[in-house]
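Structure record follows, encoded as structure tokens.
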Amino acid sequence: MSKRKAIGVEKKESFPKRLWKNMRTHPLLYLMVLPAVVYFILYHYYPMYGMIIALFDYVPSKGIFGSKFVGLEHFKSFLGDPYFFRTMRNTLSINVLLLIFGFPFPIIFAILLNELRSNRLRKITQTITYMPHFISAVVICGLMLDFCKTNGVITSIYTTLTGQDPVNLFSKSAFFQPLYVLMNIWQEFGWDSIIYFAALSGIDQALYEAADIDGASRFKKIIHVTLPGISPTIVILLIMRIGSLMTLGWEKILLLYNPMTYETSDVISTYVYRIGLMNFEYSFATAVGFFNSVINFILLIAANAVSRKINETSLW
């Protein structure tokens, strides 16, 4: 036995060796995760290669390296574009509204549903609230357009409360963002609450029993037991949400907006769609998307660092 082993100090194995040993020990686990790894490599990592066309004046017939190299010209063009501030402002404002109103909603819903004494009522409510998530974006947007037309349900409620004349709400730019946020909350709050239900089930029931002994009301148990119990889950999901503040899917907005509402509805993703696919300016659209991803990455790193410093809960 060597002197190093004799004093209880062993050389640490390298990561490849430990990985290979672990794969031989648990082959089925790695086989199960293989489809997910292949998916991310093919659809998330491999396409990153195409981002270099942001540095070229890309022409499909010439290929990437056959096209003219222009460096950062497309990034400069975007920063000087007259629609730059409009798309940035709209993307941020919609995401901030979703963060303020949409993020807490599934948390509150999960806690309230957890307080129901009837298991049957809880299951029925969960099923009903999950359903909109599985409805396609086309159908959801079609329903929303019907609800907000001149004689629609939402329009009727609005005119009754305000006393104004009926009007198609999606023809007014001032209503687009609130209606979009309302639609997203309606579609996703039930589905988003699933992870909070899982976190609630992991809270030690002895804590509730101790609170009962101390005479705590149901509201105080929510404040002092339930919320602290799911706070790590809330923080992790909040960090991930902050890391996507500059990301907003174009599908629903494309189905809802029109030239009359561009002022408040045109976001980065729809701008990239119009420029890249309709105007065939692939390099410029790629530069815009790359810029967007860099901002999201910076926001994610900052949010994670702040969270780790404040409450020691973070993604890494």
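The values are calculated or read from the model by the stated rules, or taken from the named source; none is laboratory data. Since the model is a prediction, treat every value here as computed from it, not as a measurement. Ideal geometry is used to build each Cβ from the backbone, glycine not excepted, and the neighbour counts take in all protein chains shown. SASA here: full protein model, heavy atoms, side chains in, ligands and nucleic acids out. Shrake-Rupley method; radii C 1.70, N 1.55, O 1.52, S 1.80 Å.
Worth pointing out:
- Residues that are within 16 Å of Met88 (Cα to Cα) and touching a Gly at 6+ places or on another chain (Cβ under 8 Å), drawn from segment 269-283: Ser269, Val272
- Condition met for Lys76 (open to solvent by 50 Å² or more (accessible area, probe 1.4 Å), charged (D, E, K, R), within 30 Å of Pro232 (Cα to Cα) and assigned to a helix (DSSP H, G or I)): no
- Where a residue in segment 191-204 is among the charged types (D, E, K, R) and its partner, wherever it lies, is surrounded by 15 or more Cβ atoms within 10 Å (Cβ to Cβ) and assigned to a helix (DSSP H, G or I), with Cβ under 7 Å and at least six apart: Asp192/Pro106
- Checking each residue in segment 140-168 for being open to solvent by 60 Å² or more (accessible area, probe 1.4 Å), of a type in the set (Ser, Thr, Tyr) and touching a residue at least 12 places away in the same chain (Cβ under 8 Å) picks out only Thr150.
- Leu116 vs. criteria open to solvent by less than 70 Å² (accessible area, probe 1.4 Å), in contact with a helix residue (DSSP H, G or I) (Cβ under 8 Å, 6 or more places away or on another chain) and part of a loop (DSSP other than H, G, I, E, B): yes
- If you go through segment 224-260 and pick out every residue that is open to solvent by less than 70 Å² (accessible area, probe 1.4 Å), more than 14 Å from the chain's Cα centre (by Cα) and within 26 Å of Lys172 (Cβ to Cβ), you end up with 6.
- In the set (1) of a type outside the set (S, T, N, Q); (2) open to solvent by 50 Å² or more (accessible area, probe 1.4 Å); (3) over 30 Å from Val139 (Cα atoms), Lys221 fails one condition alone, (2).
- Phe65, sole failed condition from (1) in a loop (DSSP other than H, G, I, E, B); (2) open to solvent by 80 Å² or more (accessible area, probe 1.4 Å): (1)
- Under the condition of being open to solvent by 80 Å² or more (accessible area, probe 1.4 Å), outside any helix (DSSP H, G or I) and either of a type in the set (S, T, N, Q) or farther than 30 Å from Phe147 by Cβ (or both), the residues counted in segment 172-213 number 1.
- Set side by side, the residues Thr160, Thr150 differ, and just one is over 19 Å from Leu98 (Cβ atoms), part of a helix (DSSP H, G or I), out of contact with any helix residue (DSSP H, G or I) (no Cβ under 6 Å at 6 or more places or on another chain) and β-branched (Val, Ile, Thr), which is Thr160.
- Residue in segment 272-282 that is among the hydroxyl-bearing types (Ser, Thr, Tyr), in contact with a helix residue (DSSP H, G or I) (Cβ under 9 Å, 6 or more places away or on another chain), within 21 Å of Pro47 (Cα to Cα) and surrounded by 19 or more Cβ atoms within 10 Å (Cβ to Cβ) present: yes
- Val267 crowded, with 16+ Cβ neighbours inside 10 Å and within 30 Å of Gly142 (Cα to Cα): yes
- Condition check for Leu31: part of a helix (DSSP H, G or I), surrounded by 10 or more Cβ atoms within 10 Å (Cβ to Cβ) and at pLDDT 90 or above: yes
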